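Scroll down for the structure; my scribbles are underneath it.
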Amino acid sequence: EYLTVFDGETGAELETIRYKPGRHDDGLMWGDYAWNRIEPGNRVDRFLAGVAYLDGAKPYAIFSRGYYTRAAVVAYAWDGRRLREVWTADSGWVEMDNPFADTLRRRDGRSETHGSLARQGAHSLSVADVDGDGCQEIVYGAATIDHDGRMLYSSAGVLPAESAAPGTEAKLGHGDALHVANIDPDRPGLEIFMVHEAGVWGPYGYTLRDAATGEVLFGAFCPKDVGRGMVGQVDPRHRGLQVWSSEDIFSRNTFGLLTARGEQIDKRAPGTNMSIRWAADMTTQIVSGSFEEPVAIDDWRRG
C-alpha cells in the first residue's frame, strides 16, 4: 500500500512512500472479527482522501484509514520533489475483546490527544474553514480536525428514553452521508448535516450541527440505521437550504422535509440518491432511479 506522486504531463513517477498507517492485524485490531462474524478487509480497508488549504495558502494532500473503530488521518505537503508529512491525527487502537463477542461500543482509541476521533468517521470526509480563521479544517464525520492536526471537537449526545441505555452520553457515531454548507444563512458560519447508523445505541439518527463547535442544533432519535441524507434548496419559499433523510437504509420512510431550523415543511421528502442544479433558477433537483428504475431528474415542486 503506497502513495505516489505522478508528473501530470508525462505520468512519470516522482516519489512513492508507504501508506500510513499500514494494515497491521485487521481482525482483532481493526475490529473485523467483532460480533459473531469474520469480515477480513472490511473496517481496516476504509480509505478517504481530500485536498485542504491547511495554511490558507497552499494545498495539502489528506489521506486516511478507518472510521468504524480506529481512525487515522495524515496530511502531506509536496514541494515539487518530496512528500513531507505535516501532521498525523490518529485515534489509536480501540480495544476490543478477543474475539467474536465484542460489539465495538467502546468510545475512544488509546491516543490521549486524538482518542475521541475513533468511531466518528463517515463514508466521506469534507474540507471547510469551519472556524473562520482562513485555514481549512477536516470534517471527519461527527468529529473535526483543526488545520494544525489537533482535535477541534468530537460530537456526542445523551441517549434518550427509547434507546438501549437512557441517560448515557454517547458519540454521534458513524454515518453514511455528510454535508457541510451554509445551510442556515441566518446563523454565522457553516453547518453540518449528517445521518448516523448507531440505532438504539446512538443519541440521534440525523443531526444538524454547528460546524465550528460540533453543537447539535437539532436532530431526532431513530432505532434503526439512517442510511441516507441530503441537503438542498428544493423549496425556495423557505429561506436557506432544506434537509432530509431516509428513516433507515431498508425503508423509504422519512422524517419529512425540514427547513434549516428543523421545522417540518412536509411529511414526505425528496429522494436521497444524488442532487443536481438542473434548473436555471439554481434550485436543487434529485437524480432518481437505480437498478431497474429508469433514471429521471425530479423537481420537488414541478415534478
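Just the residues that are open to solvent by less than 60 Å² (accessible area, probe 1.4 Å), within 24 Å of P185 (Cβ to Cβ) and in contact with an Asp or Glu (Cβ under 9 Å, 6 or more places away or on another chain), please, taken from the range 259-283.
Within the range 259-283, T259, A260, I265, D266, P270, A279, T283 meet the criteria.
Kindly indicate which of G289, G240, G229 is under 20 Å from H123 (Cα atoms) and open to solvent by less than 60 Å² (accessible area, probe 1.4 Å).
Step by step, each of G289, G240, G229 is checked, and only G229 is under 20 Å from H123 (Cα atoms) and open to solvent by less than 60 Å² (accessible area, probe 1.4 Å).
Within the range 267-284, restricting attention to residues that are free of Cβ contacts under 8 Å to residues at least 24 places away in the same chain and not in a loop (DSSP other than H, G, I, E, B), which residue is farthest from the chain's Cα centre (by Cα)?
Among those that are free of Cβ contacts under 8 Å to residues at least 24 places away in the same chain and not in a loop (DSSP other than H, G, I, E, B), it is I276.
On the basis of being under 18 Å from the mean Cα position of the chain (by Cα) and surrounded by 16 or more Cβ atoms within 10 Å (Cβ to Cβ), does L208 make the cut?
yes
Taking the residues in the range 62-92 that are of a type in the set (V, I, T), open to solvent by less than 10 Å² (accessible area, probe 1.4 Å) and modelled with pLDDT of 95 or more as candidates, determine which candidate is nearest to S116 (Cα to Cα).
V73
In contact with a Cys (Cβ under 8 Å, 6 or more places away or on another chain) and among the charged types (D, E, K, R): does that describe D55? Don't jump to the end; show me each part of the working.
Working: in contact with a Cys (Cβ under 8 Å, 6 or more places away or on another chain): yes; among the charged types (D, E, K, R): yes.
For D55, the condition - in contact with a Cys (Cβ under 8 Å, 6 or more places away or on another chain) and among the charged types (D, E, K, R) - is met.
Any residue at all in the range 91-99 that is part of a loop (DSSP other than H, G, I, E, B) and among the aliphatic types (A, V, I, L, M)?
Within the range 91-99, one or more residues are part of a loop (DSSP other than H, G, I, E, B) and among the aliphatic types (A, V, I, L, M).
Examine the range 42-52 for a residue that is touching a Pro at 6+ places or on another chain (Cβ under 9 Å) and open to solvent by 60 Å² or more (accessible area, probe 1.4 Å), and state whether such a residue exists.
yes
Scanning for something in contact (Cβ under 8 Å) with a residue 24 or more places away in the chain, under 20 Å from R119 (Cβ atoms), surrounded by fewer than 21 Cβ atoms within 10 Å (Cβ to Cβ) and of a type in the set (A, V, I, L, M), does the range 217-226 turn up at least one residue?
no
Yes/no matrix, rows are residues, columns are (1) over 23 Å from R150 (Cβ atoms); (2) small (G, A, S); (3) over 17 Å from the mean Cα position of the chain (by Cα); (4) in a strand (DSSP E or B):
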site: M29; (1), (2), (3), (4): yes, no, yes, no
site: T69; (1), (2), (3), (4): no, no, no, no
site: V73; (1), (2), (3), (4): no, no, no, yes
site: E85; (1), (2), (3), (4): no, no, yes, yes
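So which residues in the range 182-203 are open to solvent by 30 Å² or more (accessible area, probe 1.4 Å), on the phi < 0 side of the Ramachandran plot and in a loop (DSSP other than H, G, I, E, B), if there are any at all?
Across the range 182-203, the qualifying residues are N182, P185, D186, R187, P188, L190, E197, A198.
Can you report the number of residues in the range 145-181 which are touching a residue at least 12 places away in the same chain (Cβ under 8 Å) and either charged (D, E, K, R) or open to solvent by 60 Å² or more (accessible area, probe 1.4 Å) (or both)?
8
Tally time: how many residues in the range 173-216 are among the polar types (S, T, N, Q) and under 16 Å from S154 (Cα atoms)?
Residues meeting the conditions: 2.
The values are calculated or read from the model by the stated rules, or taken from the named source; none is laboratory data. Just so we're clear, the structure is a prediction, and the values are computed from it rather than from any experiment. A quick note on method: Cβ atoms are made from the backbone with ideal geometry, for glycine too, and the neighbour counts reach across all protein chains shown. Heavy atoms of the whole protein, side chains included, go into the accessibility calculation; ligands, DNA and RNA do not. Shrake-Rupley method; radii C 1.70, N 1.55, O 1.52, S 1.80 Å.
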